[in-house]
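The values are calculated or read from the model by the stated rules, or taken from the named source; none is laboratory data. What you see is a predicted model; the values in this text were computed from it and never measured. Here the Cβ positions follow ideal geometry from the backbone for every residue, glycine too, while neighbour counts run over all protein chains shown.
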Amino acid sequence: MAASNYQKIKMLKLMEMLRRFADEEHPLTTDQICLRLGEMGISCDRRTVAKDIELFNDLGYEVMDRMVGHKKGYYLADRSFSASELKILIDAVQAASFITEKKSDELIGKIASLGGEYRADILKTNLVRFNPSKHTNEQVYYAVLNIETALLERKKVSFFYYDLNENGERVYRKNKRRYVADPVSLVMHEDNYYLLAYSEKYRGRTTYRIDRMDTVSIEKAGICEEAICMQSSVDEHVKQAFRMYGGRTAKVTLQFDRPLIGCIYDKFGEDTKIVPFDGDLFRTTVSVQIAPTFFGWVFQFMGKMEIVGPKSVCDKYRELIDCARRE
């Protein structure tokens with residue numbers, strides 16, 4: 001191989017070495033760099049290492065140095081992610097139910113490696129497995145890839161869709177005939193991943209859990225105009241589809257105790273207007289979809305939150321409570 005090619009490979013391997021094996025607490029000395037490069041069959045000496053480091057800094061890579069004993073050591077300062085940022089990403093992967101245990105381990109390893117070898121060991125050692133309810137569909141990655149491609153190309157997707165029975169076995173809907181959907185967006189909600197789509201059959205939006213899809217394919221046909229329109233206002237459709245499922249939309253006034261202020265912000269956003277009412281009681285008026293999901297959300301607070309208007313919604317809530325009592 002020509003000497004110029006060795007030099008190109010040396011620069012590439014040196015940068016890879018600094019990213020992977022060095023940080024501020026563990027800089028690589030010139031001798032260590034020469035030794036590692038020599039093990040790869042790349043000749044190097046102390047003077048050329050210093051020149052290569054200088055060239056990296058001239059190109060904006062910010063290679064820092066500090067003394068290790070009586071020797072100078074080098075490390076890369078401009079990493080793409082800090083340790084705290086990588087920790088947040090790892091915890092997000094761990095919390096996501098739709099990513100299987102096997103895929104989670106693979107993805108966590110890749111994320112941790114972005115911090116270099118020493119930080120990777122720390123990040124993986126400190127890993128707390130706080131989500132024991134991981135799903136088992138190993139096709140999630142492929143489903144996401146195909147759906148994302150279909151979204152970019154504005155194509156329909158098709159797939160088998162299933163539920164699980166009491167034995168954890170797949171029970172396919174529609175006698176295992178393929179669903180065909182017009183994709184609008186991929187949405188993360190409460191540790192699960194969903195496809196938000198337009199249903200031509202029902203003339204409205206619909207959602208599918210990614211981990212319940214099997215054999216997702218991209219169709220030749222393009223998505224309908226209604227799906228394209230939904231893509232232009234996807235935030236509003238996501239809000240309606242996932243905050244409160246189904247039902248007509250109405251303005252509802254809620255009254256609640258002070259400790260539930262955070263719950264209101266969590267559900268409706270931190271820009272929600274909350275006003276004092278009486279002592280430690282507060283009120284807010286929000287737009288929700290009138291459905292059992294909404295009433296169930298209110299009921300969980302065991303009387304510390306109540307619906308005070310409009311009357312039609314109050315009456316519906318009382319009707320559902322009376323129905324539950326009778327049963």
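Assorted remarks:
Every residue, every condition in (1) more than 23 Å from K110 (Cβ to Cβ); (2) assigned by TED's automatic domain parsing to the domain that holds A112; (3) surrounded by 18 or more Cβ atoms within 10 Å (Cβ to Cβ), yes or no:
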{"residue": "K10", "(1), (2), (3)": "yes, no, yes"}
{"residue": "E24", "(1), (2), (3)": "no, no, no"}
{"residue": "T30", "(1), (2), (3)": "yes, no, yes"}
{"residue": "I33", "(1), (2), (3)": "yes, no, yes"}
{"residue": "R36", "(1), (2), (3)": "no, no, no"}
{"residue": "E39", "(1), (2), (3)": "yes, no, no"}
{"residue": "V63", "(1), (2), (3)": "yes, no, yes"}
{"residue": "K71", "(1), (2), (3)": "yes, no, no"}
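- Here I223 passes the criteria (1) farther than 19 Å from T285 by Cα; (2) at pLDDT below 85 except the one numbered (2).
- Within region 243-323, strands (runs of 3 or more DSSP E) holding 1 or more residues that are among the hydrophobic types (A, V, I, L, M, F, W, C), at pLDDT 90 or above and closer than 29 Å to Y202 by Cα: 249-257, 281-289
- Any pair with Cβ under 7 angstrom, 6 or more apart, that starts in region 36-60 at a residue that is on the phi < 0 side of the Ramachandran plot and in contact (Cβ under 8 Å) with a residue 40 or more places away in the chain and ends at one that is in a loop (DSSP other than H, G, I, E, B) and not β-branched (V, I, T): none
- Flag: V180 matches the condition of being at pLDDT 90 or above, assigned to a strand (DSSP E or B) and farther than 21 Å from F98 by Cα.
- Restricting attention to region 25-71, the residues that are farther than 13 Å from M15 by Cα and part of a strand (DSSP E or B) add up to 7.
- Residue satisfying all of: in region 144-171; within 14 Å of V216 (Cβ to Cβ) and part of a strand (DSSP E or B); modelled with the lowest pLDDT among these: Y162
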